[in-house]
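Only one structure is covered here, and it is reproduced in the block below.
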Amino acid sequence: LVTQLRNLKRDLAIAQSKYKETHPDVVDLKKKIADLEPKVKDLMGRTQEGRVSEQNLPPPTLDPETQRLLTQYNEQYHAAVLEAKRLREEEKELKQQITLYQRRIEDTPRREQELTLLTRDYELLKTNYQSLMDKKIQSQMAENLERKQQGEQFKILDPARLPEKPIKPDRNKILLIGCVIGLAAGLGLVWFRESMDRSFHTVSDIEGYLEIPVLAT
């Protein structure tokens, strides 16, 4: 009975590391331990060692394999806790994204209305532009037709006559202009040379420059 009680307590420790207190396995093990403990107490009371309380029972000894499994279950439990935390954070982010998309969906009718208005304005501008282009083409066609009709109505009233002598070049005029230009160039050259000549030619030039009378030349 003592060994059975130890095994039950060992199984309870393993179950508590894996499950909550309300799990059926944990509840069942606790019930079995509670049923077995009075029997163990009664058995221990009838031995020479005297009455042994529950506190004096030696702690359950776990074999290496059970200890390894218990450690593995603890690690898995902590990993599951971390994974649950990560999943809760992802759930929070997903809820935020869902809220954002819901707002966009709610704004869709308004966007569609704006798009409809823009499309209507575009079609109106396109129609006006096409109308103006048609009027321009019709105006050009009417103008070309009018010019063609006017050209067909022209008549030659006075036929062209050939000149009796050439209009250009006028040799006499060219000769006269050449003489005038040559004379003007000659006079200009003489005037230029006289203005640049600083020598004395007469007695009066010397007296005018020195401002004294000349006695002899």
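All of the numbers you see were taken from the coordinates with simple rules; none came from a lab. Remember, it's a predicted structure, so these values are computed and weren't measured experimentally. FYI the Cβ positions are ideal-geometry reconstructions off the backbone, even for glycines, and counts take in every protein chain you see.
Quick notes on this one:
- Order of H78, H23 - criterion: other Cβ atoms within 10 Å of each residue's Cβ, fewest first: H78, H23
- HN-Hα J in Hz across the stretch 93-105 - Karplus 6.51, -1.76, 1.60, θ = phi - 60°, x for Gly and Pro: 5, 5, 5, 5, 5, 4, 4, 4, 5, 5, 5, 5, 5
- Positive minus negative residues near A15 (Lys, Arg vs Asp, Glu; Cβ under 12 Å): +2
- For the stretch 74-133, the Rg and Dmax computed from alpha carbons only, in angstrom: 25.4, 84
- With a threshold of 32 Å on the Cα-Cα distance, the over-threshold entries among K9/K92; K20/K92; K20/K95; K30/K95 are K9/K92; K30/K95.
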